[in-house]
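S.K.: A single structure is presented below for examination.
The values are calculated or read from the model by the stated rules, or taken from the named source; none is laboratory data. Please read these numbers as outputs of a predicted model, since none were measured by experiment. Positions of Cβ are backbone-derived with ideal geometry, glycine not excepted, and every protein chain shown enters the neighbour counts. Note: areas computed on protein heavy atoms with side chains; ligands, DNA, RNA excluded. Shrake-Rupley method; radii C 1.70, N 1.55, O 1.52, S 1.80 Å.
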Amino acid sequence: MDKHRSKYLANEDGYYGDFGGAFIPELLQHNIDELKANWEQIIESDSFQKEYVKLLKDYVGRPSPLYFSQRLSDKYNAQIYLKREDLNHTGSHKVNNTIGQVLIAKQLGKSRIIAETGAGQHGVATATICALMGLECVVYMGATDIARQAPNVARMKMLGAEVRAAESGNKTLKDATNEAIRDWINHPTDTFYVIGSVVGPHPYPDMVAQLQSVISKEIKEQMSQLPNYVVACVGGGSNAAGAFYHFLDNEEVELVAVEAAGMGVETAETAASIAQGNVGFIHGSKTLLMQDEDGQITEPYSISAGLDYPGIGPLHANLYTQKRATVMNATDEEALQAAFELTQLEGIIPALESAHALAALPKLALKPTDVVVVNLSGRGDKDMETYIAKMNS
Amino acid sequence: MDNRIDVLFREKKENVLTIYFPAGFPELNDTLSILVELEKAGADVVEIGIPFSDPLADGETIEMASQKALQNGISLKLLFEQLKEMRKYVSIPVLLMGYLNPVYRYGIEQFCVDCKAVGIDGVILPDLPMREYRKNYQTIFHKNGLKNVPLITPQTPVERIEELDKEEHGFIYVVASSATTGAKSGISKEQEDYFARIKALQLKTPTQIGFGIADSASFNKACEFTSGAIIGSAFVKAIQNGGELAVNVKNFVEFVKVIK
């Protein structure tokens, strides 16, 4: 791992500027302390690196291609590249993180893996690695999401995971995360919680960002010059964290994070946590989140189940506050249009999440010489039902 | 004036019964009535829960009760309104317990000032780590005469417990097992060993056991090791199914306080 540490990454106490930390009940303190004391050492060990790199290469299919999109470039009059995380095994960037965390869990002697999932991509990636490593796997998923992401539920079950429905709140990602944390409290010794995004108490945001940083490491290796823009969608923000990571200190590279506006950032039907949020605490982290004036966390909305989260990772809250990242947003409709556009121009059906990143292209004031990398975080197989509905409408 | 928690534990060293219930539950304006009835029935301390949309450390009973209370329309602002004249009717120690986000949103300083104004004696915020408390909150708490009650679990190292014991906390909340509230009931041999370990530390700060205490058997067992015990989920169940509130409260406290 690199010894130079960007000022935009977490400090020793897990703070990104004013954000981050570990606001957890004493019930989780032991688990967090155990992880904090060990994860970096495990990740830096030769045995971990050997196995992790090998699995990324032979099992996931990394490095993922950096594809020059001629037709998008023509359309937007710039040089547009797509980082093809959609080609990874299991269909998204999520697997980069789950392999790493499950290997850490094994090193810590844990026998049982739990995870939360929204769209099901993180759940599938976790269930996949648990199948590979022969570990028990329980995935918490909101009952609403179970209904709207049936193929991923079936995949998790086929992979041997138990899918448990979260029945509180809007029954989506936030509620699934609550249930996973409760499970962790109730199983303090044998269980490892594989968090899917750069959220949660320290050291999770830092650990997940580092495991996803392979994305920007490869982009740098695959390009002969620095790009002018790196564009990624943000729910919790793991694919953006991975795509930005090695560019954080290249201040000339504009980092663009695209939130899900849902029906519009001015409406109540949105998941734009930065645009609409205030400082507060969610799932153990001090960050920006959507809440009402009494500090009750409000229910987000987006057409994309993977971006349907009321908070944002503390890394991104700080990048926004420090003006290191530009935060934009895309509505449901804009994301759908972008998904159909990419499909028709390039023959690539993107995940609805990644379509939000593509939807930023017409909003950037691009020059013909500008080099743009869009992180295509996942593929659209899981979203076919939504796309079919759009075609029939 | 001395803090009522300190006064209580100075005078009563054992069998202290603490009851938890969420504000605005079962009906929005039941908060003060329940408080009054609890004192009448013989509870020694009351913890009023500040309902939160995402109560991570709570099991189903308290989670559902919190949701109901929020649907009823409870808010921190309204809670202080409900408790405005509390000290005309209630003399036992009263604490507020809740999650950090609503308190932070309300404004920590304003929260502490309002606590003092209505006569709250202590605060329990399980997701506020001690480190953060000491750095950013302690001064404001002390200025307003509030005790911050810390939680310990079977996994908390002895050094941390001893560090807490050197400070002024009112009491230490001994979480009976590694579980969300109401998840387990009854006390296992393993838990007894843990309680015995805490007792052997001979802390100067009073201790109370909570999580999984539900009836007179578990209450009496817990009191063998500590100054008292805290009941939450079981009390919530006792008042949630309708009937005369005063009668439900009285019956529950009597049911727990059965002489061994």
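Each row is one residue, and each column tells you yes or no for (1) within 20 Å of the chain's Cα centre (by Cα); (2) more than 29 Å from A:Tyr67 (Cβ to Cβ); (3) buried (at least 20 other Cβ atoms within 10 Å of the Cβ).
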| site | (1), (2), (3) |
| --- | --- |
| A:Thr126 | yes, no, yes |
| A:Leu132 | no, no, no |
| A:Met141 | yes, yes, yes |
| A:Thr177 | yes, yes, yes |
| A:Pro188 | no, yes, no |
| A:Val198 | yes, no, yes |
| A:Pro201 | yes, yes, yes |
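S.K.: A further question on this structure: Applying the selection to region A:152-175, what residues are assigned to a helix (DSSP H, G or I) and open to solvent by 70 Å² or more (accessible area, probe 1.4 Å)?
M.R.: A:Arg155, A:Lys157, A:Met158
S.K.: Mind checking which pairs have a first residue in region A:250-263 that is over 17 Å from A:Ile219 (Cα atoms) and a second that is charged (D, E, K, R) and open to solvent by 70 Å² or more (accessible area, probe 1.4 Å), Cβ under 8 Å, 6 or more apart or different chains?
M.R.: That search, which allows pairs on different chains as well, returns A:Gly262/A:Glu269; A:Met263/A:Glu269.
S.K.: For A:Asp86, state whether it is among the charged types (D, E, K, R) and exposed (fewer than 15 other Cβ atoms within 10 Å of the Cβ).
M.R.: No.
S.K.: Another question about this same structure. Go through region A:191-218 and give me each residue that's touching a strand residue (DSSP E or B) at 6+ places or on another chain (Cβ under 6 Å) and either in the same structural domain as A:Gly306 (by TED's automatic domain parsing) or modelled with pLDDT under 95 (or both).
M.R.: None - no residue of region A:191-218 is touching a strand residue (DSSP E or B) at 6+ places or on another chain (Cβ under 6 Å) and either in the same structural domain as A:Gly306 (by TED's automatic domain parsing) or modelled with pLDDT under 95 (or both), so the list stays empty.
S.K.: Which is outside the structural domain of A:Ser73 (by TED's automatic domain parsing), more than 30 Å from A:Ser111 (Cβ to Cβ) and either β-branched (Val, Ile, Thr) or touching a helix residue (DSSP H, G or I) at 6+ places or on another chain (Cβ under 9 Å) (or both), of A:Asn178, A:Asn170?
M.R.: Of the residues listed, the single one that is outside the structural domain of A:Ser73 (by TED's automatic domain parsing), more than 30 Å from A:Ser111 (Cβ to Cβ) and either β-branched (Val, Ile, Thr) or touching a helix residue (DSSP H, G or I) at 6+ places or on another chain (Cβ under 9 Å) (or both) is A:Asn170.
S.K.: Please go through region B:187-201 and give me each residue that is in contact (Cβ under 8 Å) with a residue 12 or more places away in the chain and among the hydroxyl-bearing types (Ser, Thr, Tyr), ordered by number.
M.R.: B:Tyr194
S.K.: As an exercise: evaluate B:Glu37 against (1) within 14 Å of chain A (Cβ to nearest Cβ); (2) touching a residue at least 40 places away in the same chain (Cβ under 8 Å); (3) surrounded by fewer than 24 Cβ atoms within 10 Å (Cβ to Cβ) and give the number of the one condition it does not meet.
M.R.: (1)
S.K.: When region B:155-186 is examined, which residues are found to be buried (at least 20 other Cβ atoms within 10 Å of the Cβ), in contact (Cβ under 8 Å) with a residue 40 or more places away in the chain and assigned to a loop (DSSP other than H, G, I, E, B)?
M.R.: Within region B:155-186, B:Gly170, B:Phe171, B:Ala176, B:Ala179, B:Thr180, B:Gly182 meet the criteria.
S.K.: Considering region A:213-249 alone, what residues qualify as being over 17 Å from A:Ile80 (Cα atoms) and open to solvent by 30 Å² or more (accessible area, probe 1.4 Å)?
M.R.: Of everything in region A:213-249, those that are over 17 Å from A:Ile80 (Cα atoms) and open to solvent by 30 Å² or more (accessible area, probe 1.4 Å) turn out to be A:Lys217, A:His246, A:Asp249.
S.K.: Please go through (1) in a loop (DSSP other than H, G, I, E, B); (2) in contact (Cβ under 8 Å) with a residue 12 or more places away in the chain; (3) not assigned by TED's automatic domain parsing to the domain that holds A:Ala147 for A:Pro188 and return the number of the only condition it doesn't satisfy.
M.R.: Against the list (1) in a loop (DSSP other than H, G, I, E, B); (2) in contact (Cβ under 8 Å) with a residue 12 or more places away in the chain; (3) not assigned by TED's automatic domain parsing to the domain that holds A:Ala147, A:Pro188 comes up short only on (3).
S.K.: Something else about it: Please state which of the following conditions A:Val265 fails to meet, knowing it meets all the rest: (1) touching a Pro at 6+ places or on another chain (Cβ under 8 Å); (2) more than 12 Å from A:Gly313 (Cβ to Cβ).
M.R.: Only one criterion in (1) touching a Pro at 6+ places or on another chain (Cβ under 8 Å); (2) more than 12 Å from A:Gly313 (Cβ to Cβ) is unmet by A:Val265, namely (1).
S.K.: Next question, about the same structure. Might you check whether a residue that is surrounded by fewer than 20 Cβ atoms within 10 Å (Cβ to Cβ) and within 19 Å of A:Gly284 (Cα to Cα) occurs anywhere in region B:136-146?
M.R.: Yes.
S.K.: Restricting to region A:278-294, and then to whatever is more than 8 Å from chain B (Cβ to nearest Cβ) and not in a strand (DSSP E or B), can you tell me which residue is surrounded by the fewest Cβ atoms within 10 Å (Cβ to Cβ)?
M.R.: The selected residue is A:Asp292.
S.K.: Out of A:Ala22, A:Ala10, I need the residue that is within 14 Å of another protein chain (Cβ to nearest Cβ), buried (at least 21 other Cβ atoms within 10 Å of the Cβ) and assigned to a loop (DSSP other than H, G, I, E, B). Which one?
M.R.: None of the others qualify; the one that does is A:Ala22.
S.K.: Let me ask another. State all residues of region B:15-29 that are crowded, with 21+ Cβ neighbours inside 10 Å and over 13 Å from the mean Cα position of the chain (by Cα); if no residue qualifies, say none.
M.R.: B:Gly24, B:Phe25
S.K.: Restricting region B:89-117 to residues that are under 19 Å from B:Val45 (Cβ atoms) and open to solvent by 70 Å² or more (accessible area, probe 1.4 Å), which is farthest from the other protein chains (Cβ to nearest Cβ)?
M.R.: My answer is B:Ser91.
S.K.: Another question, if that's okay. So A:Ala119 ticks every box in (1) open to solvent by 10 Å² or more (accessible area, probe 1.4 Å); (2) of a type in the set (Gly, Ala, Ser); (3) in contact with an Asp or Glu (Cβ under 9 Å, 6 or more places away or on another chain) but one. Which box is left unticked?
M.R.: With (1) open to solvent by 10 Å² or more (accessible area, probe 1.4 Å); (2) of a type in the set (Gly, Ala, Ser); (3) in contact with an Asp or Glu (Cβ under 9 Å, 6 or more places away or on another chain) applied to A:Ala119, the lone miss is (1).
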